[in-house]
Each structure stands twice: as structure tokens, then as C-alpha cells.
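What follows draws every value from the coordinates through simple rules; no lab data is involved. Everything numeric in this text was worked out from a predicted model, so none of it was measured. Here the Cβ is made from the backbone with ideal geometry for all residues, glycine too, and neighbour counts use every protein chain on show.
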């Protein structure tokens, strides 16, 4: 069944007007009509079955019928990613949504040389991926900040898996072996040129940072992000019970 | 240093004429000239330092100087992937090269509805990714075959990690826990619509198949391929010593 994210409150009997894009998608692309059902979620109220009540030029109107799944959130995992070229950044946001990251935070580092990010477009990509992957929330995509600022403002107990290509760090599964489940985490992936020596030294000295390697080959930033998210979910996340 | 794949034999003193694309890349894009060094590999003779001897209209000529790394191969791992849309297939081939698959084999399944693959273009993508990732061979990309034919012709001792979304299979790390290192493996990823019930039944009955799940969310085919390659390398491959 088609799943759509909506910002509106969801409850039994709620009448919702879908936005233009969703209306077009439902009525024209997917050929849905009055009486057909869709699933809606908003990140707060769980997933609801809803029935199409009207298809007009102004858009599609639906009415929420019954709760299909109660709200549930994945593990508290952020992906912190250095700004990379647009295409790869879009891939990373899509995959972060599929792999259950709660937030994607963009950082500028010394060797970052990409354009600024288009947050609105990245949020649309995250939303579509969340709709397809079956999760009940959409990862938030935050405006870029400098690495320095990010680390100064760090919320203390959150741990940082620092993916360090240059060093002799242990592979991610080993580095996470002794960590407890249920903690808040972030995964940090550097730019294509890597972190500068000063940045690496600073990151390795942070008490909340866990350095780890991503294997014997050089990975592009998007591959590194996907591999690290996968291994984290598999070690500490919701891939196992 | 720039790394290039060449089909030619490599040995001390070998004189090589680079092809048109590589010559243009070296001379015009990367602004390399006479006396500059590059690294060459061919999948057989290891990685060689080579010096540019001439830059002419006909192309760039280089001479191999000294062995930089002896030939070494990654684990014997194939990725078997159902034909998916071109963009995602290209991503998968790039990532398979970065994540150390030896071969990418394309299959047509009951629910495959993608165009045929352009093997030449996929091979070029695999080559570029192999150059960047530092490996000493280029994964071979094979012409598509039907799933039925693939399984009939299976080379018996090779094991098959069957990524099964629909079932109650164990997560990949658990499924691989008891497996010995050093065996030949393949990872099988289905099309966006999944395998048909008949295909699933057949796959699960194969004595060499190990079914496994990819977590609680629905993954697109490219994400599934990257996650499975990552977890296999991490459990049985060359990510740990």
C-alpha cells in the first residue's frame, strides 16, 4: 500500500487535504480514486489507514480510519557528514533514511570544498525514502555548521563513532564490541580528502569519540556512510533483537 | 598518486602506450607531464610505479619502473544482483568494486522489469572505482543470465548468501556467525519487487544457500547490496585480520 508522510495530526476521523505533490502522485501517477486506501504517518501519531474521500482539481482529500501501527522510533542515531558533492550527498541522505538514522547533520571541515546544501531538497529526499522504507518518522536534515562549532556544542553523553581512514583504528565491529546498547550515538564521516591532521588529533582526543576503520580499501563518502550505518545498526541498533 | 588500470603486462622497463581516455585524463585533466609518476595495475602483476616518458597528440607513453605492491586478491566473493534501473545498477557496480567483490553477476528474475545492462559502461565504472579504491584487480561484470540458469550452472562448493526480505531469516551477522573463513561465496540481492514465492522456495531449498535478513526496514536494491557486502566483508572477508 502507498505510504505518505503528512505534517498534520492523525486521529480517527481526521479529514486531511493532501498537498499538491502528493495529490498529483496519488491521483495521476498511481491512479488512485475515491474509496482507495493509503497509509499516513507524521512522526508522532503512528501509522494510519486513510481512505480517499474526494479527488478534485484542488487536490485529494482523505479521512483517517484506523491506527495501523503505533508510533515507534528507531535508535537515537545521528549521521554527521561532511559536505560532499550534491549527487553523493543526496545518496547519503536517502540511505540514512533507509538505514534508520534519526538526523542527518552536515558539517564543513578544512578540506570540504562542496557547495552549500539545499536543505529543502534533501528533506524531500529523506521524506520519500522514509515513505518507502516503512519507518514512522522522517530524519531531520540540519543546516551545515563548522566542525569546530559542532564539537563545541556537542551534547555530552552522545557518543561519536569517528570513521578514521588514516589511522590504525580497529574495524567498526571490534570498536563497538564492548559498547552498551541504548545509548545515543552519532557517526562522523569526513570529506573525500579526509580530515586534516589537526582535525584528526582533535577528534581522537575527545572523550566521547570512538575511532574506527572502514576496512582495507579507500571508500567514497557515500559508501563509507552506508557501511558505517549498517555496521552500527547491526552491532548496537535495531537489526537484531 | 594517480592509479590507472591497464590491460598490458607490467614488468620493470615495460613501455606502455596509455589509451585515449587515460591519456586525456592524465595530460589534460590532471595536468601531468614528462617525468611525473603514476601507479599502474592489471590484476595480474601487482602495482607498478611508472614514469611518463612522452605526451604527444597520439597519447601518453609511460615506462614501468618498480613494483610498488605485489599482486594480491581479495576474498572470493561474487555479488549476484537482479537487474534494476540503470542508475541504481551503476551505483551497485561502483560500490561492489569499493567493497571488494571479485565479480558482479547480473540475473533476470520473474519480477525483473529493467532494461538489459550495458556491460561495457558498467565495466568502465568498475574500473574507475577499482582505481580509486586501491585494489589490485577490477571486478568482472558478467552478462545477465536467468536465475534458473544461474542456479543450474552453480559451481557447487560456492555458498550463496540469499538476502530474503520476506521471510523470518536471521540477520546477516548471525547467519554468518558459524561459517568458516576462506570459502568461496556469493551474495544474492533480488529485484525491487522481491523474489516470487516460487523463487523463494527454490532458493531456500538449495543446500548451498544461507538465507539472511537485512534488518527491519525495506531497503532499495542498491542499499541492500552495499549493506550485505559490508556485513559479509566484516564477518568473513578482509576487514579484519
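When the square roots of the Cα gyration tensor eigenvalues are ordered a ≥ b ≥ c, the ratio a/c for region B:156-197 is 1.5 or more and a/b does not exceed b/c, which makes its shape oblate. The mean of 1/r over all pairs of different alpha-carbon atoms in chain A, once inverted, gives a Kirkwood hydrodynamic radius of 19.2 Å. Need one word for region B:150-241: rounded, prolate or oblate. Basis is the Cα gyration tensor (sqrt eigenvalues a ≥ b ≥ c); a/c below 1.5 gives rounded, then a/b vs b/c decides. Oblate, since a/c reaches 1.5 and b/c is not below a/b.
The convex hull of the Cα atoms of the protein assembly as shown, projected and averaged over all directions, covers 25.3 nm².
Choose one answer from B:44, B:202, B:217: the residue with the largest mean-square fluctuation in a GNM of chain B with alpha-carbon springs under 10 Å. The residue that fluctuates most here is B:217. Taking A:182, A:194, A:21 in turn, the Gaussian network model of chain A (Cα-Cα springs below 10 Å) assigns the largest fluctuation to A:21.
Once you keep just the Cα pairs under 8 angstrom separated by 6 or more residues, what percentage relative contact order results for chain A? Averaging sequence separation for qualifying contacts and normalising by length gives 19 percent for chain A. Dividing the summed helix terms, -39500 (n - 2.57) for each DSSP H run of n ≥ 4, by the number of residues in chain A produces a 222 nm estimate of -8500 deg cm²/dmol to the nearest 500. Sorting B:23, A:28 by the number of Cβ atoms found within 10 Å of their own Cβ, with the fewest placed first, yields A:28, B:23. Under the shape rule built on the C-alpha gyration tensor, where the axes satisfy a ≥ b ≥ c, region B:3-69 is prolate, since a/c reaches at least 1.5 and a/b is greater than b/c.
Between the alpha-carbon centres of region A:1-40 and region B:109-130 there is a gap of 36 Å. Label-point spacing for residue B:156 across the identical copies (point 7 Å from Cα in the Cβ direction), in nm and ascending order: 6.4. For the protein assembly as shown, the antiparallel share of DSSP beta bridges with both residues in that region comes to about 40%. By the beta-carbon count within 10 Å of each Cβ, the least crowded to most crowded order of B:110, A:37, fewest first, is A:37, B:110. Shortest first, residue A:121 label-point distances to identical copies amount to 2.1 nm, with the label point at 7 Å from Cα along Cα→Cβ.
Between identical copies, the spacing of residue B:35 label points, each set 7 Å from Cα toward the C-beta atom, reads 8.2 nm from nearest to farthest.
The calculated FRET efficiency for the pair residue A:178 and residue A:57, based on their C-beta separation and a Förster distance of 51 Å, comes to about 0.25.
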